[in-house]
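To start, the structure itself, in structure tokens.
Nothing in this text is a laboratory measurement; each read-out follows from the coordinates by a stated rule. None of these values were measured; they are calculated from a predicted model. In this analysis, Cβ positions are derived from the backbone assuming ideal geometry, glycine residues included, and neighbour counts consider all displayed protein chains.
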Amino acid sequence: MIEQAMGRPLPVLQGTPAGRTVIGDPAAVKIAAIAARAVPGVHSLGPGAGRALGAIRDAVGASDLSQGVKVEVGQTQLAVDISLVADYGFALNALADAVRIAVYEALTELVGLEVIEVNVEILDVHLPPPAEPKIVERVGATGATQLKQPVE
């Protein structure tokens, strides 16, 4: 058995028997999804309804990494489609480029096939929840009356 540290290439063994290696779509999908999620500014992958189902799966301990990622694996090449929701404040074209680069590098390094294209679709922008109004206590001129007012 060959052991390796995570992210390190396995040594090429001399005299090993020849054979065929097939990379399954689910393996490539997971690698692409992990790489895309690691990019700052990616809020989540997939459309809204799928994200809601994904949140339920995560709550019960069964995550679906394939949400928002489609990969077509051939014998020597692969193509990827990523759908994502961006965090507000990130330049969308730059974010798409960063996702494209991260996915390309991860698949090239870990799968070893030629990545012919990485298509990125930004479905939505996630806005942070509105800040709750701050409550300020004010004491009247006599010192007896306290008013609570939201500060805007």
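Brief remarks on what is shown
- The distance linking region 18-42 with region 65-129 is 10 Å (Cα centroid to Cα centroid, whole angstrom).
- Compared with the direct C-alpha span, the chain from Asp81 to Leu65 gains 4.4 nm at full extension, assuming 0.36 nm per residue.
- Cβ-derived FRET efficiency at R0 22 Å, His43 paired with Leu113, nearest 0.05: 0.15
- Computed extension gain for Leu13 through Leu123, at 0.36 nm per residue and net of the alpha carbon distance, reaches 35.1 nm.
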